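Structure, as structure tokens:
Read-outs throughout are calculated quantities, based only on the coordinates presented, and are distinct from any laboratory measurement. It should be emphasised that the depicted structure is a prediction, and the values quoted were computed from it without experimental measurement. Counting neighbours? That spans all protein chains shown, and the Cβs are built from the backbone with ideal geometry, glycine included.
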Amino acid sequence: MRLHRCAPVIAIGVFLGYATAQNDILTPALNNDLKTECNEEAGFVSCRKALRQHGDGKDDVALTTLSEHQSPKVAAHYNIAKSRANEGFWKLVALAGAPAKCSAGLSKVLDHQFALDPGALGSADDDAGKSSFTALSDLLNIPPGGLRAVHEDGYEFEPRPRNEVADIYRSCFFNDSDNLFGMVKRKLGR
């Protein structure tokens, strides 16, 4: 009997949530701002550094780092969004406009990065227990030229541009960070 009284309230809540999501003009602006910023050389480094600072609990410093090369309009977008619930703003920073679907190429990219810099994967695994944002920052420690490496057994990996690799990590982090860092752990045999 109580369900009949609660059903209209639930329906109104769902409708208002849907209407609010449709009127959200800040998220598309943030996605555009972050995609532009985090895929350029200086911006890539700032985004990576800001994710580490956020993971270390230094949100004000992280926001300053993220905004230092931005126009007042973009900085205002960041400032408005910083108070989103459940780390919503920082999750958008982590995604940085990458496709929201985790790529099937994650395993190969991790192998490739391990061949080039095993320390990045080790640091990501160590930091994953403290903060997934700090661990993502470790994985994003990709050289500007991307991943180019030869495995110990002579196998040469296909060169991967930095932004392509970063998009794979970002998408997998956004969708399922536990799976991403679980795979890092398995790759290291831990």
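List of remarks:
- Semi-axis lengths, Å, the stretch 75-152, gyration tensor of Cα atoms, sqrt of 5 times eigenvalues: 28, 14, 12
- Ranked list, fewest to most other Cβ atoms within 10 Å of each Cβ, for TYR169, TYR78: TYR78, TYR169
- Eigenvalues of the alpha-carbon gyration tensor of the stretch 106-187, scaled by 5 and square-rooted, set the equivalent ellipsoid semi-axes at 20, 13, 11 angstrom, largest first.
- 3J(HN,Hα) along the stretch 87-95: 6, x, 5, 5, 5, 5, 4, 4, 6 Hz, from the Karplus curve 6.51 cos²θ - 1.76 cosθ + 1.60 with θ = phi - 60°, whole Hz, x for Gly and Pro.
- Karplus-based coupling profile of the stretch 127-141, in residue order and whole Hz: 7, 4, x, 7, 7, 5, 5, 5, 5, 4, 4, 4, 5, 6, 7, with θ = phi - 60° in 6.51 cos²θ - 1.76 cosθ + 1.60 and x standing for Gly or Pro.
- Residue exposure proxy: VAL74, VAL61, VAL184, ordered by other Cβ atoms within 10 angstrom of their Cβ from fewest to most, comes out as VAL61, VAL74, VAL184.
- Percent of C-alpha pairs per 10 Å bin, the stretch 25-95, short to long: 22, 63, 15
- Cut-off 13 Å, label 7 Å out along Cα→Cβ of SER107, residues of the stretch 153-190 by amide N: 183-184, 186-187
- With contacts taken as Cα pairs under 8 Å and at least 6 residues apart, the stretch 106-187 reaches a relative contact order of 32 percent.
- Rounded to the nearest Hz, the phi-derived 3J(HN,Hα) couplings of the stretch 32-39 under the Karplus curve 6.51 cos²θ - 1.76 cosθ + 1.60 (θ = phi - 60°) are 5, 4, 6, 5, 5, 5, 7, 10, where x marks glycine and proline.
- Amide H to amide H, with H built 1.01 Å from N, LEU147 comes under 5 Å of ARG160, ARG162, counting only residues 5 or more places away or on other chains.
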